[in-house]
1. Every residue in segment 110-125 that is in contact with a strand residue (DSSP E or B) (Cβ under 9 Å, 6 or more places away or on another chain) and within 19 Å of residue 145 (Cβ to Cβ), please.
2. Could you list, in sequence order, all residues of segment 115-163 that are out of contact with any helix residue (DSSP H, G or I) (no Cβ under 8 Å at 6 or more places or on another chain) and charged (D, E, K, R)?
3. Would a scan of segment 72-91 turn up a residue that is part of a loop (DSSP other than H, G, I, E, B) and either touching a residue at least 24 places away in the same chain (Cβ under 8 Å) or not assigned by TED's automatic domain parsing to the domain that holds residue 155 (or both)?
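The values are calculated or read from the model by the stated rules, or taken from the named source; none is laboratory data. Just so it is clear, the model here is predicted, and its values are computed rather than measured. Cβ coordinates were reconstructed from backbone atoms using ideal geometry, including for glycine residues, and neighbour counts include every protein chain displayed.
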Amino acid sequence: MITWNRRRVKCCAPVRVRAHARMLTANCPAKLAEPIAVRSTPGFTLLEVLVAVAIVAIALVTFMGLHLHSLDNTIRAQDLTTAVLLAQGKMATMGEFPDTGEADGKFEGPELERFQWATAVTERTLDALGGGKPVTVRHLEVTVRWADGQQIRHYTLEAYGVR
């Protein structure tokens, strides 16, 4: 007895083979094995392959859509972070108690050309309680605007100065 494809085969017994292969046995001379008709060949049918490809295609389209959505959110988060930092920088350059009025402009630099700023400072005088000296309050507002595709987005930073 010899082992052929993990099966025990008797000497000179026919062996099922897929292609034209040689059947070698211990007691028999080497000869070509006759191909035997196999009733169920291993493999996949065309329908099974098409269903598998369709499932993979649907999953791939879904994952690509999620990836695109993730990239859009990342870009929006970067733009918002940039706008916050620019607004804080502009607020810092205005000083503690700036003059009243409005101003606008653009930020310098090629990477900041999409961003514009606008400032507004308003003043209110509040009467003090108990007949004291009136208090002057200034409302500082810095708005940063930028283009995001077809939309214009904005971020507003507010602060108050008291004197």
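1. Going through segment 110-125, the residues in contact with a strand residue (DSSP E or B) (Cβ under 9 Å, 6 or more places away or on another chain) turn out to be 112-125.
Scanning segment 110-125 gives 112, 113, 114, 115, 116, 117, 118, 119, 120, 121.
2. Selection gives 123, 124, 127, 133, 138, 141, 145, 158, 163.
3. From segment 72-91, those part of a loop (DSSP other than H, G, I, E, B) are none; that's our starting set.
Within segment 72-91, not a single residue is part of a loop (DSSP other than H, G, I, E, B) and either touching a residue at least 24 places away in the same chain (Cβ under 8 Å) or not assigned by TED's automatic domain parsing to the domain that holds residue 155 (or both).
Residue-by-condition table, conditions (1) crowded, with 16+ Cβ neighbours inside 10 Å; (2) under 37 Å from the mean Cα position of the chain (by Cα); (3) modelled with pLDDT under 95; (4) in the same structural domain as residue 82 (by TED's automatic domain parsing):
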residue: 117; (1), (2), (3), (4): yes, yes, no, yes
residue: 121; (1), (2), (3), (4): yes, no, no, yes
residue: 125; (1), (2), (3), (4): no, no, yes, yes
residue: 133; (1), (2), (3), (4): no, no, yes, yes
residue: 143; (1), (2), (3), (4): yes, yes, no, yes
residue: 146; (1), (2), (3), (4): yes, yes, no, yes
residue: 157; (1), (2), (3), (4): yes, yes, no, yes
